[in-house]
Amino acid sequence: MSAPLSWGCGREAEPLEAKKGLVSRADLQPDRSNNGAHPLTPREWEVVELLAGGYDTRAIAERLHLSIHTVRNYVRNAREKLHAPSRLALVLAAQRLCLLQPSAIA
């Protein structure tokens, strides 16, 4: 059995998604190219928090008064910046970086 991932938020966990092979440990690693600071804009983080809260693209667009295309662009940009191959990996990376509010996680 592998050692649990350190989430850096005062807790350790082996994400169920990693255990099931849905994402790899490498997918959960942050981009350290900017000395550990997160590379996302405030709006990108807002979209990621809503994703973590279970909102779909349409609901995020309505809540933030954006077009669906703009929300998709924010998600795509955030995934690229955090090297996340999926929306799930994006939310997990944001959670691991301790940048999600506890109330945002469904």
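Quick check: residue separation of residue 87 and residue 70 times 0.36 nm, minus the Cα distance between them. What number comes out in nm?
Numbers: separation 17, 0.36 × 17 = 6.12 nm, distance 1.56 nm.
Stretched out fully, the residue 87 to residue 70 stretch lengthens by 4.6 nm.
Short version: ³J(HN,Hα) in whole Hz for each residue of region 45-53, in order, from phi by Karplus 6.51 cos²θ - 1.76 cosθ + 1.60 (θ = phi - 60°), x for Gly and Pro, what are they?
Those phi angles translate into 5, 4, 5, 4, 4, 5, 4, 5, x Hz.
Stretch residue 80-residue 56 to full length: gain in nm at 0.36 nm per residue minus the Cα-Cα span?
On the way: separation 24, 0.36 × 24 = 8.64 nm, distance 1.90 nm.
The residue 80-residue 56 span can extend by a further 6.7 nm.
Where a number appears in this text, it was derived from the coordinates with a stated rule and is not lab data. Just so it is clear, the structure is predicted and the values come from calculations on it, not from any experiment.
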